[in-house]
1. Label segment B:138-275 by shape, choosing from rounded, prolate and oblate, from the square roots a ≥ b ≥ c of the eigenvalues of the Cα gyration tensor; if a/c is under 1.5 it is rounded, and otherwise prolate applies when a/b is larger than b/c, oblate when it is not.
2. Roughly how many Å² of B:E72 are accessible to a 1.4 Å probe, to the nearest 10?
3. Given springs between every Cα pair under 10 Å in a Gaussian network model of chain B, which of B:G181, B:G49, B:G213 has the largest fluctuation?
4. State whether segment B:170-245 is rounded, prolate or oblate according to the following rule on the C-alpha gyration tensor (a ≥ b ≥ c being the square roots of its eigenvalues): a/c under 1.5 gives rounded; otherwise a/b larger than b/c gives prolate, and the remaining case gives oblate.
5. With every protein chain present, what accessible area does B:V149 have (1.4 Å probe, heavy atoms only), rounded to the nearest 10 Å²?
6. Probe radius 1.4 Å, ligands and nucleic acids left out: can you give me the accessible area buried at the B-A interface, summed over both chains, in Å² to the nearest hundred?
7. I need the trypsin sites (Lys or Arg not before Pro) found in segment A:54-150, filtered to DSSP loop residues with at most 13 other beta carbons within 10 Å of theirs.
8. Just to be sure I follow the definition: excluding the sites themselves, where is the longest run in chain B that has none of the chymotrypsin sites (Phe, Trp or Tyr not before Pro) in a DSSP loop with at most 15 other Cβ atoms within 10 Å?
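The values are calculated or read from the model by the stated rules, or taken from the named source; none is laboratory data. Bear in mind that the values here come from a model prediction, so they are computed numbers and not experimental data. Positions of Cβ are generated from backbone atoms using ideal geometry, with glycine treated the same way; all protein chains shown enter the neighbour counts. Calculation scope for accessible area: heavy atoms of the full protein, side chains included, ligands and nucleic acids excluded. Shrake-Rupley method; radii C 1.70, N 1.55, O 1.52, S 1.80 Å.
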Amino acid sequence: MNNFIIQNTILFIVLVLLQVLILNNINLFGYLNPYIYIIFVILYPLRKEKGSFLFLSFLLGLSIDFFLNSGGINAAATLFIAYFRLSILTYILRKSDFDYQLFNVNSLPFGKSITFIFLLTFIHSLIIYTLEYFSFNDFFDIIKKTAFSTIFTVTMIYFIIILFTKKR
Amino acid sequence: MQQIIKFLQKYRYFILFLLLEFTAIAFTIQSHSYHSSKFVNSANSITGGIYKKANTINQFFNLEIENQRLLEENTRLKNILSQKRIQPDIPYNTIIDTTLYFQSYNYVSAKIYTNSYTKRNNVLLINKGSKDGIQSEMGIVNSKGIIGVTKSISKNYSTIISILNKHTKINVKSKKEDHFGTLAWNGKDYRTVQLQDLPRQANIKIGDTIITGGKSTIFPEGELVGTIKDFEIENNTFKTINITLFNDMSSLSNVNIIQNLHKKEIQLLEATNDE
């Protein structure tokens with residue numbers, strides 16, 4: 001249990017620093033930055049007790065917001081996908097009771113795990129850009145940025161998961 | 001009572017979710033209003049300190065561009081100095097009369113730590129704060145033109161609302177005429193900003209230089225902004241006027257903060273006029 005806390009604390013800090021110091025300076029095609037830090041939401045183990053997970057996700061988003069001066073945009077988006085993670089997963093797997101303890105994104109078949117990551121990333125990006133622009137006049141800009149950012153982020157997250165997590 | 005406790009227990013995660021989500025949305029809405037001071041900003045010792053460390057590495061990468069820019073600025077200033085008016089010779093009696101000098105602006109140098117020019121609402125972080133006499137609503141420029149206005153101030157750091165932001169409204173004019181307009185950004189391209197509310201009598205051409213108007217206490221008159229790229233006229237009024245910035249907002253490093261020494265006096269005067 002202690003090991004679990006230490007591991008996730010380190011992951012939390014590493015993700016925040018990675019995001020604000022490196023990934024936010026990538027600017028692919030002049031404006032694209034991947035939001036890798038939501039890998040925390042994807043990898044955090046499923047538990048019956050969701051309180052600490054929701055709070056940590058909120059805190060992770062808020063830490064990013066502190067660095068980016070973006071109000072509460074990242075906090076709102078990250079908390080949202082954290083809350084609906086289980087619903088999305090049950091929807092994709094089409095079963096309501098699975099083993100909470102043994103769940104791992106890696107153990108899912110390719111199609112299902114990529115859909116899972118895609119849905120979370122898409123919702124996250126959509127909320128971020130909607131709140132950032134905060135106006136209906138920029139609807140097409142929001143959709144365009146959401147689409148490209150989602151593709152970029154999903155690709156990077158998928159490779160990171162393949163490379164850095166243990167396969168069960 | 002039993003029912004309420006049961007209800008709370010059943011929906012405790014949903015309630016926690018709603019609570020935190022509303023907090024986040026509240027921070028977001030606060031960040032979208034220009035006048036409220038923000039709670040979530042990077043002008044604090046933790047984020048500022050981390051950015052400071054990162055900047056010691058990053059600054060090496062644009063040393064060359066920055067040196068070039070400083071050299072150009074020096075050349076320009078030296079040329080201005082050499083244009084000094086020829087004074088009648090007073091060989092033995094040089095009088096320095098301080099009443100002949102009237103300083104209204106003071107420039108403080110600062111270094112930019114972060115720049116997020118790809119965002120709709122750009123905020124920069126600089127390494128000067130209240131310790132160095134920086135206050136809210138001071139103008140930021142470099143040798144190529146205006147950059148933004150200070151917003152949140154901590155002891156050692158301050159955040160700047162860049163001109164690439166939804167909330168900047170800066171008073172500008174064309175260099176050859178005294179028709180004033182407002183500078184805003186539509187969020188599309190970081191090299192182009194928009195000029196609004198220019199009266200239709202104004203006679204502008206593509207390529208005209210736009211400078212600050214000096215109608216506010218933030219920027220003095222004549223700070224550079226950019227040149228007119230293109231414009232549309234509809235029903236005899238200007239619809240959109242695009243301006244190409246002189247500054248490359250994607251690579252900023254050393255800047256100057258403008259302190260208006262007469263700000264208090266001007267504001268006091270304006271306040272008494274309102275009564």
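1. Details: a/c = 1.98, a/b = 1.26, b/c = 1.57.
Cα axes put segment B:138-275 in the oblate bin.
2. Rounded to the nearest 10, the figure is 90 Å².
3. Looking only at B:G181, B:G49, B:G213, the largest GNM fluctuation is found for B:G49.
4. Values: a/c = 1.58, a/b = 1.18, b/c = 1.34.
Cα axes put segment B:170-245 in the oblate bin.
5. Approximately 10 Å² of B:V149 is accessible to the 1.4 Å probe.
6. Details: alone 18240 and 9680 Å², together 24740 Å².
Summing both sides, the interface buries roughly 3200 Å².
7. Here the trypsin sites (Lys or Arg not before Pro) that fit, given the DSSP loop and packing criteria, are A:R94, A:K95.
8. Working: sites that count: B:Y11, B:Y34, B:F39, B:Y92, B:Y101, B:F102.
Result for the longest clean stretch: B:103-275.
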